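Trainee: Here's a structure for you.
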Amino acid sequence: MEQLIIIGSGPAGHTAAIYAARANLKPLMFEGLLAGGVAAGGQLTTTTDVENYPGFEHIQGPELMERMRRQSVHCGTRIVTETVDKVDLSKQPYKVFAGGKEFQTKTLIIATGATAKRMNLPGEERLWQKGISACAVCDGALPFFRNKVLAVIGGGDSAAEESTFLTKFASKVVLLVRRGEMRASKVMQERVRHHPKIETQFYTVAIEVLGEDKVTGLKIQNTKTGAQSTLDIGGLFYAIGHVPNTEFLAGQVEVDTNGYIKTQPGTTKTSVPGVFAAGDVQDKVYRQAVTSAGTGCMAALDAERYLSEK
């Protein structure tokens, strides 16, 4: 019987593990084996330069996650490199199934993150993180993207926000919208429409990313006329949404309409007593490594208090 099991190994999971281990809860972490198509360590393992995590002026994403992992282990966390297949939260102790085995625990922290939607365009695999990103706030300020023409794909609030954010660094931002209008709120649409650095192209889809070792262009198509053309760009940002990694929960924890786990305001408590959620799996607004780490700390403290009260 475990005191605490942590599912997920990004900044939220490892921060929770560090706090829980120091509180002598002897946490067991399932770090995942290419869960959601991403290596153990989460989305930061798919990034290169990280310049906005406190304490590191510049560090590679995979190295940052390896440091977190080492610290978790140093503090006493046991880590299993398996993906959790399912859980049973119908009664306590809760059951976690992974690698063909069953594990029981008094408390559970879900820190499985969310996976950015990709478009699987020709050239995308070759140029991912070589000019293609799914997070403007994470990567837009990097020197690689400065003073270049950047393209953003999407039509919702995220696309509008990311386009506006990128104008701080880009010479120009081209927003590509599949339909004849944006889905974004009126306020965000107006902000995009009146920004001198943003050009919006409606009825436009991307069909291929161009470049050998870095993004140099984007082949696009007009959905009304079928006409194809090429945009000369230095970077491409996807703003088409994220998918929270909650399928394994099978509806046992309350989620919102987009699948993100609902937590009680000011806490990491879910709809199930003793089950907590941290990081991007419950955060569709900020989605940053540092905010994930913060909620990981909260989850460990919430779990510790829950166990003390029990």
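The values are calculated or read from the model by the stated rules, or taken from the named source; none is laboratory data. This is a predicted model, so every value here is computed, not measured. Here the Cβ positions follow ideal geometry from the backbone for every residue, glycine too, while neighbour counts run over all protein chains shown.
Trainee: For residues that are surrounded by fewer than 16 Cβ atoms within 10 Å (Cβ to Cβ) and over 17 Å from LYS172 (Cα atoms), scanning just the stretch 184-204, find the one that is modelled with the lowest pLDDT.
Mentor: So the residue we want is SER185.
Trainee: Go over the candidates GLY32, GLY42 one by one and state the one that is in contact with a Pro (Cβ under 8 Å, 6 or more places away or on another chain), modelled with pLDDT under 95 and closer than 12 Å to SER9 by Cα. Quick ask: steps written out before the conclusion?
Mentor: Details: GLY32 fails: in contact with a Pro (Cβ under 8 Å, 6 or more places away or on another chain).
When all the criteria are applied, what remains is GLY42.
Trainee: Quick one: in the stretch 1-31, which of the residues that are more than 15 Å from the chain's Cα centre (by Cα) and assigned to a loop (DSSP other than H, G, I, E, B) is surrounded by the most Cβ atoms within 10 Å (Cβ to Cβ)?
Mentor: The extreme case among them is PRO27.
Trainee: Would you mention how many residues in the stretch 139-173 are under 20 Å from GLN129 (Cβ atoms) and in a loop (DSSP other than H, G, I, E, B)?
Mentor: Total satisfying the criteria: 9.
Trainee: Could I ask something else about it? Just to check your reading of the model, which residue among LYS106, LYS91, LYS101, LYS117 is touching a Lys or Arg at 6+ places or on another chain (Cβ under 8 Å) and surrounded by fewer than 19 Cβ atoms within 10 Å (Cβ to Cβ)? Walk me through how you get there before you give the answer.
Mentor: Details: LYS91 fails: touching a Lys or Arg at 6+ places or on another chain (Cβ under 8 Å); LYS101 fails: touching a Lys or Arg at 6+ places or on another chain (Cβ under 8 Å); LYS117 fails: touching a Lys or Arg at 6+ places or on another chain (Cβ under 8 Å).
The conditions single out LYS106.
Trainee: So THR246 ticks every box in (1) assigned by TED's automatic domain parsing to the domain that holds ASP85; (2) under 24 Å from ALA141 (Cα atoms) but one. Which box is left unticked?
Mentor: (2)
Trainee: Still on this structure: Is there a residue in the stretch 69-83 that is under 16 Å from the mean Cα position of the chain (by Cα) and either without any contact (Cβ under 8 Å) to a residue 24 or more places away in the chain or closer than 14 Å to LEU108 by Cα (or both)? Before the answer, list the steps.
Mentor: Taking the stretch 69-83 and keeping what is under 16 Å from the mean Cα position of the chain (by Cα), we get none.
No; the residues of the stretch 69-83 include none that is under 16 Å from the mean Cα position of the chain (by Cα) and either without any contact (Cβ under 8 Å) to a residue 24 or more places away in the chain or closer than 14 Å to LEU108 by Cα (or both).
Trainee: Something else: Please work out which residue is modelled with the lowest pLDDT, limiting yourself to the stretch 45-75 and to residues that are assigned to a loop (DSSP other than H, G, I, E, B) and either β-branched (Val, Ile, Thr) or not assigned by TED's automatic domain parsing to the domain that holds ILE110 (or both).
Mentor: As a first pass, look at the stretch 45-75 and keep what is assigned to a loop (DSSP other than H, G, I, E, B): 47-48, 51-58.
Now drop any that are not either β-branched (Val, Ile, Thr) or not assigned by TED's automatic domain parsing to the domain that holds ILE110 (or both), which leaves 47-48.
Details: THR47: 74, THR48: 71.
This residue is THR48.
Trainee: Sticking with this structure for a sec: Here's a check for you: in the stretch 216-241, which residue that is more than 22 Å from LEU142 (Cα to Cα) and touching a residue at least 24 places away in the same chain (Cβ under 8 Å) is surrounded by the most Cβ atoms within 10 Å (Cβ to Cβ)? Before the answer, list the steps.
Mentor: So in the stretch 216-241, the residues more than 22 Å from LEU142 (Cα to Cα) come out as 219-230.
Now restrict to residues that are touching a residue at least 24 places away in the same chain (Cβ under 8 Å): 220, 223.
On the way: ILE220: 21, THR223: 14.
Only one residue tops the list, namely ILE220.
Trainee: Let me ask something else about it. Filter the stretch 151-178 down to the residues that are aliphatic (A, V, I, L, M), under 18 Å from GLY234 (Cα atoms) and within 21 Å of the chain's Cα centre (by Cα) and list them by number. Quick ask: steps written out before the conclusion?
Mentor: First, the residues of the stretch 151-178 that are aliphatic (A, V, I, L, M): 151-153, 159-160, 166, 170, 173-177.
Remaining after also requiring under 18 Å from GLY234 (Cα atoms): 151-153, 159, 166, 170, 173-176.
Residues satisfying the conditions are ALA151, VAL152, ILE153, ALA159, LEU166.
Trainee: Yes or no: VAL205 in contact with an Asp or Glu (Cβ under 7 Å, 6 or more places away or on another chain) and farther than 27 Å from GLY113 by Cα?
Mentor: On the way: in contact with an Asp or Glu (Cβ under 7 Å, 6 or more places away or on another chain): no; farther than 27 Å from GLY113 by Cα: yes.
It is false that VAL205 is in contact with an Asp or Glu (Cβ under 7 Å, 6 or more places away or on another chain) and farther than 27 Å from GLY113 by Cα.
Trainee: A further question follows. Which of the residues belonging to the stretch 179-200 are in contact (Cβ under 8 Å) with a residue 12 or more places away in the chain and either closer than 15 Å to ALA239 by Cα or within 26 Å of the chain's Cα centre (by Cα) (or both)?
Mentor: Going through the stretch 179-200, the residues in contact (Cβ under 8 Å) with a residue 12 or more places away in the chain turn out to be 179-185, 188-189, 191-192, 195, 197-200.
Residues satisfying the conditions are ARG179, MET182, ARG183, ALA184, SER185, MET188, GLN189, ARG191, VAL192, ILE198, THR200.
Trainee: Mind checking which residues of the stretch 107-125 are under 15 Å from ALA16 (Cβ atoms), in a strand (DSSP E or B) and not β-branched (Val, Ile, Thr)?
Mentor: Looking only at the stretch 107-125, we keep the residues that are under 15 Å from ALA16 (Cβ atoms), and these are 107-113.
Then drop every residue that is not in a strand (DSSP E or B), which leaves 107-110.
The answer is LEU108, and nothing else.
Trainee: Please work out if PHE97 is more than 18 Å from the chain's Cα centre (by Cα), of a type in the set (Phe, Trp, Tyr), closer than 24 Å to CYS297 by Cβ and not assigned by TED's automatic domain parsing to the domain that holds THR204.
Mentor: Values: more than 18 Å from the chain's Cα centre (by Cα): yes; of a type in the set (Phe, Trp, Tyr): yes; closer than 24 Å to CYS297 by Cβ: no; not assigned by TED's automatic domain parsing to the domain that holds THR204: yes.
Spelling it out, it is not the case that PHE97 is more than 18 Å from the chain's Cα centre (by Cα), of a type in the set (Phe, Trp, Tyr), closer than 24 Å to CYS297 by Cβ and not assigned by TED's automatic domain parsing to the domain that holds THR204.
Trainee: Considering only the stretch 251-310, state which residues are under 21 Å from ALA134 (Cα atoms), surrounded by fewer than 18 Cβ atoms within 10 Å (Cβ to Cβ) and touching a Lys or Arg at 6+ places or on another chain (Cβ under 8 Å).
Mentor: Result: ASN258, single match.
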